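Visitor: Right, I'll just put the structure down here and ask away after.
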Amino acid sequence: MKRKIYSLILAALACTSSASAQWNTNATSVCIYPTTGGDEASSVIAKRLPDGKTWIGWRTWDKGQELEDGTVKQLYFRNYVQLLDKDGKPVFEEPILVNNHPSPSWISRYGLDVTPDGCVVVSTADSRGEEADKNDNYNAFQPAFYKIDQEGNQLWGLDGITYPDYQDAPFTRINAIGDDVFVWFNDEKGCFINRISQDGVEAWEEPVNFYGQLLDTKDGYMMAFDMTGDGSRVRKLDRDLQPVWDNDVIYDDHMFEGHDLEPYKIVADGKGGAAVAFVRNMGRFAHNIRVQYISADGETGFGLTGVDVCNTEDNDFDYPGISLNPATEEIMVDFQSKHEDGAEAISLAKFNYQGDYLFGEMGFQLAKKIPEAYAWTHIGTGGLSNGDWIVAYLDVANWADESLIVTRIKPDGTKVWKKTIGRHLDMDAINMFVEEDATYFYYRERNTEKEAGVKIFRIFNEKGDYKEPDHSGIETNRSTESAPAEYYTVDGKRLAAAQKGLNIVKMTDGTVEKVMK
């Protein structure tokens, strides 16, 4: 039976209430879920729908359960989701509590995706066994999978679809591919997968042992990326996990040797093919990043083996992201690098489907810092139909002192505009979506006032504005001038006025500048 369940009303008033949230009209992000202290949200995952709505999920620490003998179990996670309309306003008065069972530890991992009918599907691992109920800690990690529609109904039941025979599977994933949902979980016996219909019917009586990352290739099939003794492999499969190609494709003779739970960064080209990037080891703790293109027929565009994003082994390159522009048939890889002098850089490498270096063999460097200035963190890139790209990354000015930088560049790397979005104590789990008119961000933030919450932010691609461009030909009265509004030290402390030396200045339009007095 369908039922609608909601979380308890939060007492935290640190940010804008969820009922009145909407997209920002300046450089200040909007809070859709305020949190304080132990209620701090984490692990934000967002998925946009074709009609402009967004499903957004996160995990929140809940208080431990008090038992009859007075003992209290440890803190645990619960999963929540919220649906935002196209204007950024939450559809539900309060976020929906997905699972009424605790996820026992921060090491567990959840997943989220959306289905063709506009529903959200969520994977998690929780503790619900009799033994766990008696202990003062939660020990079980039973995989559970849920589907929720846009009215808040639990379509697969309040307890979801579970696998009670697996009680030690903390890592779960979920992929909505075509009309099916593929659910994943890992335990000490390996990685398992099952296919579930939109109505919650399992294709296989028992989960199938399967390894690899799945990608919906948008042609009715999927690609699976993994490793073999010969290198990095890709297989094209139907939804029964049967091979489509006559032979598997070894697209690179190197294998992933990095530090990521999702080792292969993969993106579909919309025509049945895909691009992939991954980290390879060069010995002595050094890394480089490999990139390759595979067509719908299994042909490797870069030859029998991929190429390094930077054609050198002098520096350490790591933590890649990848995107693809179908309009120009170009692949963009954004990555971080550490150089011999200790400096940190954030860079781009661009390729066509034939593997030509479009930014040169060393890539295009967006920014570089001396060692004492901390580092950069890549967020993502996205291509526009005219060949321009939107690029986002974090400027880490000090420990837990970060700001979001968004820039638009031309095909040759020339900057069109650049915006620095505030200074925050902490920003993480940033989800970025580049669409033709605007770029959208969903993330968790803790700012200089130590307010915390799940935030949303939108910037229009044309000029980097925060309000939709007016193309009517009518002049607006909006002032284009900006003035200093707030002053901060480099470590984020609020000042009454500028002090001698370097100041962080927040302007009236929401942007941030560094000013020396």
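Visitor: For segment 306-321, which positions are open to solvent by 30 Å² or more (accessible area, probe 1.4 Å) and within 20 Å of the chain's Cα centre (by Cα)?
Guide: Tyr319
Visitor: Looking at (1) touching a residue at least 40 places away in the same chain (Cβ under 8 Å); (2) within 20 Å of the chain's Cα centre (by Cα); (3) open to solvent by 30 Å² or more (accessible area, probe 1.4 Å), which is the one condition that is false for Met332?
Guide: If we test Met332 against (1) touching a residue at least 40 places away in the same chain (Cβ under 8 Å); (2) within 20 Å of the chain's Cα centre (by Cα); (3) open to solvent by 30 Å² or more (accessible area, probe 1.4 Å), just (3) comes out false.
Visitor: Taking the options Glu188, Glu130, name whichever one is at pLDDT below 95, over 24 Å from Asp260 (Cα atoms), open to solvent by 60 Å² or more (accessible area, probe 1.4 Å) and acidic (Asp, Glu). Give the steps one after another, and end with the answer.
Guide: Working: Glu188 fails: over 24 Å from Asp260 (Cα atoms).
Glu130 is the lone residue from the list that is at pLDDT below 95, over 24 Å from Asp260 (Cα atoms), open to solvent by 60 Å² or more (accessible area, probe 1.4 Å) and acidic (Asp, Glu).
Visitor: Still on this structure: Just checking, which of Leu241, Leu237 is of a type in the set (A, V, I, L, M, F, W, C), at positive phi and out of contact with any helix residue (DSSP H, G or I) (no Cβ under 7 Å at 6 or more places or on another chain)?
Guide: On inspection, the qualifying residue turns out to be Leu241.
Visitor: Determine, yes or no, whether Ala367 is open to solvent by less than 60 Å² (accessible area, probe 1.4 Å), in a strand (DSSP E or B) and touching a Ser or Thr at 6+ places or on another chain (Cβ under 6 Å).
Guide: No.
Visitor: Scan segment 194-214 and give yes if some residue there is open to solvent by 50 Å² or more (accessible area, probe 1.4 Å) and polar (S, T, N, Q), otherwise no.
Guide: Yes, there is a match, as at least one residue in segment 194-214 is open to solvent by 50 Å² or more (accessible area, probe 1.4 Å) and polar (S, T, N, Q).
Visitor: Out of the residues in segment 215-228 that are acidic (Asp, Glu) and open to solvent by less than 50 Å² (accessible area, probe 1.4 Å), state the one that is farthest from Val276 (Cα to Cα).
Guide: Restricting to residues being acidic (Asp, Glu) and open to solvent by less than 50 Å² (accessible area, probe 1.4 Å), the top hit is Asp216.
Visitor: With closer than 20 Å to Ile289 by Cα and touching a residue at least 40 places away in the same chain (Cβ under 8 Å) as the only criterion, which of His378, His339 stands out?
Guide: His378
Visitor: Shifting gears a bit: Look through Trp245, Trp204 and report the one residue that is in contact (Cβ under 8 Å) with a residue 40 or more places away in the chain, in contact with a Lys or Arg (Cβ under 8 Å, 6 or more places away or on another chain) and not β-branched (Val, Ile, Thr).
Guide: Sole residue among the options that is in contact (Cβ under 8 Å) with a residue 40 or more places away in the chain, in contact with a Lys or Arg (Cβ under 8 Å, 6 or more places away or on another chain) and not β-branched (Val, Ile, Thr): Trp245.
Visitor: Name the residues in segment 242-255 that are more than 16 Å from Gly272 (Cα to Cα), of a type in the set (A, V, I, L, M) and surrounded by 18 or more Cβ atoms within 10 Å (Cβ to Cβ), would you?
Guide: Residue satisfying the conditions is Met255 alone.
Visitor: Are any residues in segment 302-341 more than 17 Å from Glu257 (Cα to Cα) and touching a Ser or Thr at 6+ places or on another chain (Cβ under 6 Å), and if so, which ones?
Guide: Result: Ser323, Ala327, Met332, Asp334.
Visitor: With the requirement that a residue be modelled with pLDDT of 95 or more and open to solvent by 20 Å² or more (accessible area, probe 1.4 Å), what does segment 133-155 give you?
Guide: Within segment 133-155, Gln150, Glu151, Asn153, Leu155 meet the criteria.
Visitor: Same structure again: Going residue by residue through segment 294-305, is there one that turns out to be within 15 Å of Glu361 (Cβ to Cβ), open to solvent by less than 10 Å² (accessible area, probe 1.4 Å) and at pLDDT 80 or above?
Guide: no
Visitor: Being under 13 Å from Gln198 (Cβ atoms) and not in a strand (DSSP E or B) is the filter; apply it to segment 145-163 and report the residue that is nearest to the chain's Cα centre (by Cα).
Guide: Here the answer is Asp149.
Visitor: Moving on to the next point. Would you check if there is a residue in segment 307-316 being in contact with a His (Cβ under 6 Å, 6 or more places away or on another chain), polar (S, T, N, Q) and free of Cβ contacts under 8 Å to residues at least 40 places away in the same chain?
Guide: Checking segment 307-316: at least one residue is in contact with a His (Cβ under 6 Å, 6 or more places away or on another chain), polar (S, T, N, Q) and free of Cβ contacts under 8 Å to residues at least 40 places away in the same chain.
Visitor: Let me ask something else about it. Filter segment 483-499 down to the residues that are out of contact with any Phe, Trp or Tyr (no Cβ under 9 Å at 6 or more places or on another chain) and of a type outside the set (A, V, I, L, M), then identify the one that is modelled with the lowest pLDDT.
Guide: Gly492
Visitor: Report yes if some residue within segment 164-176 is within 30 Å of Ala21 (Cβ to Cβ), at pLDDT below 95, among the charged types (D, E, K, R) and open to solvent by 10 Å² or more (accessible area, probe 1.4 Å); otherwise report no.
Guide: Yes, that holds for at least one residue.
Visitor: Given the structure, is Ala392 in contact (Cβ under 8 Å) with a residue 24 or more places away in the chain and surrounded by fewer than 20 Cβ atoms within 10 Å (Cβ to Cβ)?
Guide: Numbers: in contact (Cβ under 8 Å) with a residue 24 or more places away in the chain: yes; surrounded by fewer than 20 Cβ atoms within 10 Å (Cβ to Cβ): no.
Taking the combined requirement at face value, the residue does not satisfy it.
Visitor: Take Leu348 and decide whether it is open to solvent by less than 30 Å² (accessible area, probe 1.4 Å), over 24 Å from Val307 (Cα atoms) and touching a residue at least 12 places away in the same chain (Cβ under 8 Å). Step through it out loud before you land on a result.
Guide: Working: open to solvent by less than 30 Å² (accessible area, probe 1.4 Å): yes; over 24 Å from Val307 (Cα atoms): no; touching a residue at least 12 places away in the same chain (Cβ under 8 Å): yes.
Against the criterion (open to solvent by less than 30 Å² (accessible area, probe 1.4 Å), over 24 Å from Val307 (Cα atoms) and touching a residue at least 12 places away in the same chain (Cβ under 8 Å)), Leu348 does not qualify.
Visitor: Open to solvent by less than 20 Å² (accessible area, probe 1.4 Å), closer than 24 Å to Thr420 by Cα and modelled with pLDDT of 90 or more - does that describe any residue in segment 68-81?
Guide: no
Visitor: Now a separate question. Take segment 335-345 and flag every residue that is assigned to a strand (DSSP E or B) and either among the aromatic types (Phe, Trp, Tyr) or open to solvent by 10 Å² or more (accessible area, probe 1.4 Å) (or both). Before the answer, list the steps.
Guide: Kept after step one, since they are assigned to a strand (DSSP E or B), are these residues of segment 335-345: 335-338, 344-345.
Correct list: Phe335, Gln336, Lys338, Glu344.
Visitor: Still on this model: Only one of (1) under 24 Å from the mean Cα position of the chain (by Cα); (2) over 18 Å from Ala274 (Cβ atoms); (3) open to solvent by less than 20 Å² (accessible area, probe 1.4 Å) is not met by Val234, so which one is it?
Guide: (2)
The values are calculated or read from the model by the stated rules, or taken from the named source; none is laboratory data. Note that this is a predicted model, so its numbers are computed, not measured. Quick reminder, even Gly has a Cβ in these numbers, built from the backbone with ideal geometry, and neighbours come from all protein chains shown. Heavy atoms of the whole protein, side chains included, go into the accessibility calculation; ligands, DNA and RNA do not. Shrake-Rupley method; radii C 1.70, N 1.55, O 1.52, S 1.80 Å.
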